[in-house]
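So the structure is just underneath, and the comments pick up after that.
The values are calculated or read from the model by the stated rules, or taken from the named source; none is laboratory data. Every value quoted in this text rests on a predicted model; they were computed, and no experiment measured them. Quick reminder, even Gly has a Cβ in these numbers, built from the backbone with ideal geometry, and neighbours come from all protein chains shown.
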Amino acid sequence: MTEPTDRRIIADSLGVAVPTGAYGISFGAIGVTSGLDVLQTCLLSLLVFTGASQFAFIGVVASGGNPFAGALTALLLGTRNTFYGISLAPLLRLRGAARLPAAHVVIDESTAMALGQDDTRSARVAFWWTGVGILVLWNLFTLLGALAGEAIGDPRTYGLDAAVGAAFLALLWPRLTTWHARSVALVGAAVATGLVPLSPAGVPIIAGGAVAVLVGLLTQKERAA
Amino acid sequence: MTLWLAIGVLVVGTYALKLAGLAVPQRVLDHPFTRRVSDLIPVALLGALVAVQVLADGSDLVLDARAVALLAAAGMLALRMSFLPVVVGAALVAAVVRLLF
């Protein structure tokens, strides 16, 4: 049975999955121009399935770097998915073998959508629909991009990159009810922004999040004392 | 061949990293400190995600159509519009800004 709330969460999840998945076009197109064949490009999207790591890998390969150096860079970026998993675990409450397929779709967007919900049931709906939705679309568009190259055009023309930022803000918005929450979010945003020019992709998000959590914990203590 | 091997390492490694986070034992997750931290994580992480998604272009910081769209999204959220219209509206704003400038 699908409850009305579930239907809303599913629609919201697909609202994030479509613009994110469409970005697979860029990856497919860049993949084949970086010296990978169509099969290798598509396998990366299917089996690695975490955008930033995939782009990092083909970036190193394209610049003539050692593929293992590319894999190492990509794996360092992938460490943020471990932290995502730690935040998701108490919310999704998955046990045993259910964690095996779930792990594959632990990415930026599925994490953000799940963390935006209040209870386990809603979080699971958001996590699976966003994660699997992106998995399907990301791979379809990767194949399309790899075959058609740049001919299809840049997703940015349609404002798809801006849609994802707006989605993250919409998830954050209802949580900004106290000054404490607003400061934590601002610290996270400020630290992440400051680190963008200084550190490889992926690091600013995790570092910004970590510093903001720390500041949040410390300011809570002061208030209690 | 080297390329295929590197892809293999990347595939196995990425999956292991993803699974490691989900496999943290329940007893750790039930600890009061973990709960306090996990209450703060969504706000902290979403704040960072919004900033990077809107301002980063590779390792450069840029103010472009995405920032205009984010302001529009904030306005729509302040007017209590729901999730999907805000997301679609922001994409439209960015597309129009890029078309005009």
Taking the range A:28-46 on its own, how many of its residues are of a type outside the set (Ser, Thr, Tyr), part of a helix (DSSP H, G or I) and within 14 Å of chain B (Cβ to nearest Cβ)?
-> 10
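What residue, of B:Leu49, B:Leu40, B:Leu10, is under 30 Å from A:Ala69 (Cα atoms), at pLDDT below 90, in a helix (DSSP H, G or I) and facing chain A (nearest Cβ under 7 Å)? So that I can check it myself, show each step before the final result.
On the way: B:Leu40 fails: under 30 Å from A:Ala69 (Cα atoms); B:Leu10 fails: at pLDDT below 90.
Matching residue, one of B:Leu49, B:Leu40, B:Leu10: B:Leu49.
Listed here are the residues, each with its yes/no results for (1) within 24 Å of B:Leu40 (Cα to Cα); (2) in contact (Cβ under 8 Å) with a residue 24 or more places away in the chain; (3) surrounded by fewer than 23 Cβ atoms within 10 Å (Cβ to Cβ).
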| position | (1), (2), (3) |
| --- | --- |
| A:Leu46 | no, yes, yes |
| A:Phe55 | no, yes, yes |
| A:Val61 | no, yes, yes |
| A:Gly65 | no, no, yes |
| A:Phe68 | no, no, yes |
| A:Leu77 | yes, yes, no |
| A:Gly85 | yes, no, no |
Conditions (1) facing chain B (nearest Cβ under 7 Å); (2) at pLDDT below 95; (3) closer than 20 Å to B:Pro42 by Cα; number of the one not met by A:Pro174 = (1)
Scan the range A:202-220 residue by residue and report those that are within 7 Å of chain B (Cβ to nearest Cβ) and in contact (Cβ under 8 Å) with a residue 24 or more places away in the chain.
-> A:Ile205, A:Gly209, A:Ala212, A:Val213, A:Gly216
Which residues, taken from the range B:57-83, are modelled with pLDDT under 90 and either crowded, with 19+ Cβ neighbours inside 10 Å or polar (S, T, N, Q) (or both)?
-> B:Ser59, B:Ser82, B:Phe83
